[in-house]
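Notes follow once the structure below has been shown.
The values are calculated or read from the model by the stated rules, or taken from the named source; none is laboratory data. Keep in mind that this is a model prediction, so the values were computed, not measured. FYI the Cβ positions are ideal-geometry reconstructions off the backbone, even for glycines, and counts take in every protein chain you see. Calculation scope for accessible area: heavy atoms of the full protein, side chains included, ligands and nucleic acids excluded. Shrake-Rupley method; radii C 1.70, N 1.55, O 1.52, S 1.80 Å.
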Amino acid sequence: MSTAAETFAERQAQLRGKFVRRTQEEADTLLALVAKLDTPEGAEAQAGIHHIVHRLAGGAGVFGLDELTQPAIQVEDLIDASAVSDAVAQATTALVKHIRLATARSLAAAGPQP
Amino acid sequence: MDGKRVAVVDDDPIFLEHVSTILAQYGGMRVIKLTNGDELFKTLDRQEISCIVLDYDLGNQTGLALGQSVQQKYADAPPIVMLTGQGSERTATKAFRIGFADYVSKRNLDQQELIAAIRGAIFQNDARQARVQETERLRQHQRQDSLTGLYSASYVAARLNEVATSRSGTGFTLMAIRIENFAELRLRIGHAASERVFRDFAKRLSDIKLDDGFIGHLATYDLVCVFERVMAPATISATCQRLAAEARFSASHEGSRVEIAARVSAAGFPEDGNDAHEVIRAALSGLDEPVKPKIPTDAAPAGVDKDLAGTTDDEMPPHKQRAHQRFRVLKKGKVVINGLNTVLDCSVRNVSESGAQIRVDGYFAAPSRFQLLIVGSGDPRWVVTRWQVGTDIGVQYQEPEL
């Protein structure tokens, strides 16, 4: 019979796995949004990027993806500072590379998913 | 924190689940998971929430805006703890300015810091609520009235209720006291001067030495003398006379003298009401009664004391006025004629040591002699009719026949 602490740890591991998989999927979303930055839908794309990186900056440290916190904050700060789209695109692309590495490492460490 | 419900609002379902699990596991809190403002308002309308944890970024609105809306809608809104990945000083300042209880960074969230912030917010809110309730309780039950320094109306009412509902209590007697014609006096000398007169009047009453009674405020300009026991009519009458005599004084106003006299009306529990409120009302209604009309000399029936006919107490010379002074005492009574062949209900309105004024429910010609039973005051006493005007009858006690 599992104790409350074990149940809690299992629940946290499940949430961590969910967060990692969602972040992995969001890497593709981020690249799609970057492609729209210099189009008429640029403002909307920038808002989309901001929403994802804001959530990532808050949750990465909590769910074991610490190395993503600073790159995510960097993108968020650039958007908040109304930086040119090139700078936002460059920082976001760099973040996507970090995401792919970090999530792959995390999923590999966690083992095969049920 | 058992039983404390905490509402967590976050549009990120993963983080919402994470925070909720932590608060339940390590904080012992009952967590209600919500993803937007609408859900929060519905929850607040339905149940008591001890604390709200709000994420800053809720997609279509900020936690700051939502928190502000909550505080505007609910007077006793629960404390709010802001949780956000946006660790800027400006956001924190805004949150505190709006009145949020605390602010915790979502980045590298410290579980203990979040739990401590929620506990602190609940503790401070509970303490604040307790202070508000205590202030209200003190205000309600403030013993002393700020205008007169006497016991306050709320204290008097609470005390009388206590006595009326006490199992061991035998009852109480109260005498409502008002300055005669105070409304006219206010019109004549103005609000400020009449307030001074009222304070002086209250001071004179508070200086009276009462063995086991106390003076308090009953209504805006009505005072009361309370005895926590049932008193005999003669004692009530004597006390009323004493209160009226000692409260009488001359006030000066812009060089002229204003004569202040008291009107006193007594009532008691349980004779005059089933609870304190009814007894107070009975006493006050005695104060509201018009002054007894003059009795025309030629209309005075045979046997009526000619000294009384054609006068009111106030018009008598001082020595006579004193001798015939009457006080309103509302008690239930029965007029017993020819043994028990005829019994009529009446109210005993004024009592003195020598007689009383009674009022019967419907007109009847009072016999020259009958028995009067004052409910709760022992056996019936023989009385002789001294005067009758309509349903009001003045009677004089007759010494028992040997």
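Odds and ends about this structure:
- Wholly enclosed helices (runs of 4 or more DSSP H) of the stretch B:145-218 bearing at least 2 residues modelled with pLDDT of 85 or more and over 27 Å from B:S256 (Cα atoms): B:153-165
- Annotation note: of A:A47, A:A27, the sole residue that is away from chain B (no Cβ under 12 Å), among the small types (G, A, S) and in a helix (DSSP H, G or I) is A:A27.
- Number of residues in the stretch B:260-282 that are hydrophobic (A, V, I, L, M, F, W, C) and in a loop (DSSP other than H, G, I, E, B): the value is 1.
- Residue within the stretch B:196-218 that is farther than 24 Å from B:V351 by Cβ, in contact with a helix residue (DSSP H, G or I) (Cβ under 6 Å, 6 or more places away or on another chain), open to solvent by 10 Å² or more (accessible area, probe 1.4 Å) and not acidic (D, E) present: yes
- Within the stretch A:88-100, the set of residues being in contact (Cβ under 8 Å) with a residue 24 or more places away in the chain and either surrounded by fewer than 15 Cβ atoms within 10 Å (Cβ to Cβ) or under 12 Å from the mean Cα position of the chain (by Cα) (or both) comprises A:T92, A:T93, A:L95, A:V96, A:H98, A:I99, A:R100.
Conditions (1) within 14 Å of another protein chain (Cβ to nearest Cβ); (2) of a type in the set (S, T, N, Q); (3) closer than 21 Å to B:I115 by Cα, marked per residue:
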{"site": "B:T35", "(1), (2), (3)": "yes, yes, yes"}
{"site": "B:D38", "(1), (2), (3)": "no, no, no"}
{"site": "B:T43", "(1), (2), (3)": "no, yes, no"}
{"site": "B:N60", "(1), (2), (3)": "yes, yes, no"}
{"site": "B:V70", "(1), (2), (3)": "no, no, no"}
{"site": "B:P78", "(1), (2), (3)": "no, no, yes"}
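- Within the stretch A:37-49, tally of residues that are open to solvent by 40 Å² or more (accessible area, probe 1.4 Å) and in contact (Cβ under 8 Å) with a residue 12 or more places away in the chain: 2
- Hits in the stretch B:391-402 - residues which are over 12 Å from B:C346 (Cβ atoms) and open to solvent by 40 Å² or more (accessible area, probe 1.4 Å): B:Q396, B:Q398, B:E399, B:P400, B:E401, B:L402
- Of all residues making up the stretch B:345-390, the number that are open to solvent by 20 Å² or more (accessible area, probe 1.4 Å), under 23 Å from B:T239 (Cβ atoms) and in a loop (DSSP other than H, G, I, E, B): 7
- Qualifying residue in the stretch B:126-136 (condition: in contact with a Cys (Cβ under 8 Å, 6 or more places away or on another chain) and either aliphatic (A, V, I, L, M) or open to solvent by 70 Å² or more (accessible area, probe 1.4 Å) (or both)): no
- In the stretch B:145-183, the qualifying residues are those that are more than 13 Å from the chain's Cα centre (by Cα) and either of a type in the set (F, W, Y) or over 24 Å from B:L330 (Cβ atoms) (or both), and the one that is least open to solvent (accessible area, probe 1.4 Å) is B:F172.
- The residue that is farthest from the other protein chains (Cβ to nearest Cβ), among those in the stretch A:50-87 that are open to solvent by 10 Å² or more (accessible area, probe 1.4 Å) and assigned to a loop (DSSP other than H, G, I, E, B), is A:V84.
- Residue satisfying condition, being among the small types (G, A, S), over 18 Å from B:L23 (Cα atoms) and at pLDDT below 85, within set B:G87, B:G67, B:G99: B:G87
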